[in-house]
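**Student:** Here it is, the structure, as structure tokens.
The values are calculated or read from the model by the stated rules, or taken from the named source; none is laboratory data. Computed from a predicted structure; not experimentally measured. All Cβ positions, even for glycine, are placed from backbone atoms using ideal geometry, and neighbour counts span all protein chains on display. SASA here: full protein model, heavy atoms, side chains in, ligands and nucleic acids out. Shrake-Rupley method; radii C 1.70, N 1.55, O 1.52, S 1.80 Å.
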Amino acid sequence: NASFTPTTLGDHAIVVTVSNPNGVADNVDNNEASVSVFVYGPGMKADRISLLEHFTTAQCPNCPDGDQRIHTAISGRNDVIWLSHHAGYYTDNMTVSENNTMLTFFMGGSTYAPAAMLDRSVEFGDGRYAVDPTFFPGSTLTQSFNAAVAVPTFVTVDINNVNYNRDNRTLTATVSGHVATFAGLSNPRVSLYLVEDSIYGTQAGAAGKIYHMHVMRHAISDVWGDDMNADDNGDFSLNFSYALPATYNAKNCKLIAFVSNYNEADRLDRRVMNAKQTGYITTAAAGIDEISDNVEMNVYPNPTTSVLNVAAASEIRDVRIMNVLGQEVYANSNVNAQTLQVNTTAFATGMYVVTVKTNDGIATRRINVVR
């Protein structure tokens, strides 16, 4: 019941010694234990963004409900990144080898979905570490998100110089950042993953096909990350290049970078220290939504509360709106006008994708509905 009040920053060793238990002398070889504590001060830690890794497949009948639980908890947050591995309950046509590699975190041997883990180390409140992915996380998600982002980190990570060449479909990017010498990483790694939204396909437990979101497509780095090779000041910078397969829709692809420790022998020592996500790679540098070359279209106000206006330079033929789960919440295939008003009062708070087909082509915009 003793208190510890540090007077200096840095590493401290706390040693506890027990002697003469119950007034009786005993073997003193096992009467001492110690733990290292790092004390940090204001301005030393970085803002943390946590990585939620979600196991789901198109064959999983409970996964639509699992998606909705995550969506409800993550809505409105910018400190948690959602990444889906299509593994755990059989596989589907979105499963890649990296997804199956992640099954090593199922420490009990059997796999299941829906399941999730946070930063590869944070508990979901049910007594199990997330490296034994939590089955059907629900009521503890918000609590777990709050606990994850509150863990101090002394690592920064950013994604810069994102460039996508439409002619040869080559993507290049730089991942950079800083790791403090006292961050406690024995083997820091830098990972860069490609993810894709809005992949249209079947889903057990759902009515018809849906748009699958947050789908991991490829580990551009090694699946466990590349060596950081930080300089003496702790700064690092790695350049990456990747040619997107023709089957990937570039305008729906994003990049996720993160720094983690990698202990090959111990799955409990692979914590993600910080993460970052870009916008869609076709427009990441410009920071605007992609539209087809010949389509002039606008949606407003954005964010919207009750009414969304859609306007185009040519006649609108079709408007469809999808939520982040890939579910269609609005469709109108008989507009035949240059303007349209959509009532959004029944939409849940969150992000949506508006797809508009006009006489000039197809364009997409992303909107937020707020209350």
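**Student:** Give segment 154-169 a look and list any residue that's of a type outside the set (A, V, I, L, M, F, W, C), at negative phi and either in contact with a strand residue (DSSP E or B) (Cβ under 9 Å, 6 or more places away or on another chain) or surrounded by 20 or more Cβ atoms within 10 Å (Cβ to Cβ) (or both), or say none.
**Tutor:** Answer for segment 154-169, where residues must be of a type outside the set (A, V, I, L, M, F, W, C), at negative phi and either in contact with a strand residue (DSSP E or B) (Cβ under 9 Å, 6 or more places away or on another chain) or surrounded by 20 or more Cβ atoms within 10 Å (Cβ to Cβ) (or both): Thr156, Asp158, Asn160, Asn163, Tyr164, Asn165, Asn168.
**Student:** Looking for something more than 19 Å from the chain's Cα centre (by Cα), over 26 Å from Pro303 (Cα atoms) and not β-branched (Val, Ile, Thr) - is there at least one such residue anywhere in segment 62-75?
**Tutor:** Scanning segment 62-75, I find at least one residue that is more than 19 Å from the chain's Cα centre (by Cα), over 26 Å from Pro303 (Cα atoms) and not β-branched (Val, Ile, Thr), so the answer is yes.
**Student:** For the list (1) on the phi > 0 side of the Ramachandran plot; (2) at pLDDT 80 or above, I need the number of the one condition that Ser144 fails.
**Tutor:** It is condition (1) that Ser144 fails.
**Student:** While we're looking at this one, here's another question. I'd like to check which strands (runs of 3 or more DSSP E) are fully inside segment 301-356 and have at least 2 residues that are out of contact with any helix residue (DSSP H, G or I) (no Cβ under 8 Å at 6 or more places or on another chain) and small (Gly, Ala, Ser).
**Tutor:** 307-323
**Student:** Taking the stated definitions as given, is Asn252 more than 30 Å from Gly108 (Cβ to Cβ) and either open to solvent by 30 Å² or more (accessible area, probe 1.4 Å) or hydroxyl-bearing (Ser, Thr, Tyr) (or both)?
**Tutor:** Spelling it out, it is not the case that Asn252 is more than 30 Å from Gly108 (Cβ to Cβ) and either open to solvent by 30 Å² or more (accessible area, probe 1.4 Å) or hydroxyl-bearing (Ser, Thr, Tyr) (or both).
**Student:** For residues that are open to solvent by less than 50 Å² (accessible area, probe 1.4 Å), among the hydrophobic types (A, V, I, L, M, F, W, C) and at pLDDT below 90, scanning just segment 323-352, find the one that is farthest from Ile74 (Cα to Cα).
**Tutor:** Ala337
**Student:** Output the number of residues of segment 17-32 satisfying the condition of being acidic (Asp, Glu) and under 19 Å from Asn1 (Cβ atoms).
**Tutor:** The qualifying residues number 1.
**Student:** Looking only at segment 170-180, decide whether some residue is in contact with a helix residue (DSSP H, G or I) (Cβ under 8 Å, 6 or more places away or on another chain) and open to solvent by 60 Å² or more (accessible area, probe 1.4 Å).
**Tutor:** no
**Student:** If I filter segment 282-292 down to residues being closer than 22 Å to Lys357 by Cα, within 22 Å of the chain's Cα centre (by Cα) and surrounded by 14 or more Cβ atoms within 10 Å (Cβ to Cβ), which single residue comes out as modelled with the highest pLDDT?
**Tutor:** Checked segment 282-292; the qualifying residue modelled with the highest pLDDT is Thr282.
**Student:** On to the next question. Among Asn302, Asn309, which is the only one that is modelled with pLDDT of 85 or more, open to solvent by 70 Å² or more (accessible area, probe 1.4 Å) and over 25 Å from Phe105 (Cβ atoms)?
**Tutor:** On inspection, the qualifying residue turns out to be Asn302.
**Student:** Given the criterion closer than 24 Å to Met94 by Cβ, surrounded by fewer than 20 Cβ atoms within 10 Å (Cβ to Cβ), at pLDDT 95 or above and of a type in the set (Ser, Thr, Tyr), identify the matching residue among Ser241, Ser191, Ser198, Ser260.
**Tutor:** Ser241
**Student:** Of the residues Met117, Met107, which is in contact with a helix residue (DSSP H, G or I) (Cβ under 7 Å, 6 or more places away or on another chain) and either modelled with pLDDT under 90 or closer than 30 Å to Thr181 by Cα (or both)?
**Tutor:** Residue meeting the stated conditions: Met117.
**Student:** Being open to solvent by 60 Å² or more (accessible area, probe 1.4 Å) and free of Cβ contacts under 8 Å to residues at least 40 places away in the same chain is the filter; apply it to segment 201-211 and report the residue that is nearest to the chain's Cα centre (by Cα).
**Tutor:** Applying the filter and picking the extreme gives Lys209.
**Student:** Identify the residue in segment 201-227 that is out of contact with any Pro (no Cβ under 8 Å at 6 or more places or on another chain), of a type in the set (Gly, Ala, Ser) and at pLDDT below 95 and, among all such residues, is nearest to Leu268 (Cα to Cα).
**Tutor:** Gly201
**Student:** Need the failing condition index for Thr142 against (1) in a loop (DSSP other than H, G, I, E, B); (2) touching a helix residue (DSSP H, G or I) at 6+ places or on another chain (Cβ under 6 Å); (3) polar (S, T, N, Q), just the number.
**Tutor:** (1)
**Student:** Of all residues being in contact (Cβ under 8 Å) with a residue 60 or more places away in the chain and charged (D, E, K, R) in segment 353-371, which is surrounded by the fewest Cβ atoms within 10 Å (Cβ to Cβ)? Just the residue, please.
**Tutor:** Arg371
**Student:** Another question, if that's okay. Which residues, taken from segment 141-153, are surrounded by 21 or more Cβ atoms within 10 Å (Cβ to Cβ) and more than 28 Å from Val96 (Cα to Cα)?
**Tutor:** Thr153 - this is the single residue of segment 141-153 that is surrounded by 21 or more Cβ atoms within 10 Å (Cβ to Cβ) and more than 28 Å from Val96 (Cα to Cα).
**Student:** Filter segment 12-62 down to the residues that are over 26 Å from Ser191 (Cα atoms) and free of Cβ contacts under 8 Å to residues at least 12 places away in the same chain and list them by number.
**Tutor:** Scanning segment 12-62 gives Asn20, Pro21, Asn22, Gly23, Val24, Ala25, Asp26, Asn27, Val28, Asp29, Asn30, Pro42.
**Student:** Looking for something assigned to a strand (DSSP E or B), closer than 16 Å to Asn261 by Cβ, under 17 Å from the mean Cα position of the chain (by Cα) and at pLDDT 95 or above - is there at least one such residue anywhere in segment 168-186?
**Tutor:** No - not one qualifying residue is present in segment 168-186.
**Student:** Is it the case, given these coordinates, that Val295 is of a type outside the set (Asp, Glu), surrounded by 14 or more Cβ atoms within 10 Å (Cβ to Cβ) and under 21 Å from Ser84 (Cα atoms)?
**Tutor:** No, not satisfied.
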